[in-house]
1. Filtering the range 146-165 down to residues that are open to solvent by 50 Å² or more (accessible area, probe 1.4 Å) and closer than 28 Å to Leu109 by Cβ, which residue is farthest from the chain's Cα centre (by Cα)?
2. Considering each residue of the range 43-69, count those that are open to solvent by less than 70 Å² (accessible area, probe 1.4 Å), modelled with pLDDT under 90 and farther than 11 Å from Pro15 by Cβ, and give that number.
3. Only residues that are out of contact with any Pro (no Cβ under 9 Å at 6 or more places or on another chain), assigned to a helix (DSSP H, G or I) and not aromatic (Phe, Trp, Tyr): list them for the range 128-145, please.
4. What's the total number of residues in the range 52-73 that are under 13 Å from Ala19 (Cα atoms) and among the hydrophobic types (A, V, I, L, M, F, W, C)?
Amino acid sequence: MLRRKARRDQGNDDPLDAAQERRVRAVLALGGVPQTDLPDGVQQVRLRLLERAAKGYEAPRDVSAWVAVVASNLAMDWHRAKRRQERLGERLASLRQLEHPSGEDTSVLSLAVAQGLDELPDSQRQVLVLRFYADLPVRSIADELGIPEGTVKSRLHTAVRALRARLHEDEVV
């Protein structure tokens with residue numbers, strides 16, 4: 001025990017001892033996290049313990065229990081992310097399976113969208129084009145235009161609603 005304390009005093013600031021690290025690995029593995037992701041999970045637990053100390057919080061009363069709970073939460077987060085990715089993959093696959101409209105249908109739709117864009121106020125058309133054609137995130141659009149994100153979202157909502165109404169009115173969609 002004195003050796004371990006001396007080793008820590010000599011610059012080894014690892015907040016997890018070997019037993020705690022094994023416990024974290026076991027909790028992650030039992031939680032279904034693949035072996036290849038275990039080192040990242042251990043690092044996440046280590047990072048959270050260090051962040052806790054950096055914020056000035058006192059050390060958990062039972063560090064072993066605390067790291068086990070954090071590891072369990074990380075395992076749940078891993079499964080949530082995996083399910084999200086699977087659902088996204090399923091949605092993308094279903095989009096690929098939809099029949100593509102014929103060339104004539106595409107031309108009519110393109111013309112109707114272009115006319116609908118022309119009828120929008122400049123500010124709405126600008127955010128719509130930047131968001132959906134330039135594929136910029138809302139935050140980037142707000143930064144580039146020097147307006148709040150809420151304004152970008154409001155303009156997008158109004159523009160999409162107006163364009164959708166126009167396309168339904170023309171019976172294009």
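1. Top of the filtered list is Ala165.
2. Result for the range 43-69: 3.
3. Within the range 128-145, Leu128, Val129, Leu130, Val138, Arg139, Ser140, Ile141, Asp143, Glu144, Leu145 qualify.
4. Total meeting the criteria: 4.
The values are calculated or read from the model by the stated rules, or taken from the named source; none is laboratory data. From a predicted model like this one, the values you see are computed outputs, not experimental measurements. Neighbour counts run over all protein chains shown; Cβ positions are idealised from the backbone, glycine included. These accessible areas exclude ligands, DNA and RNA; they are computed on the full protein's heavy atoms, side chains included. Shrake-Rupley method; radii C 1.70, N 1.55, O 1.52, S 1.80 Å.
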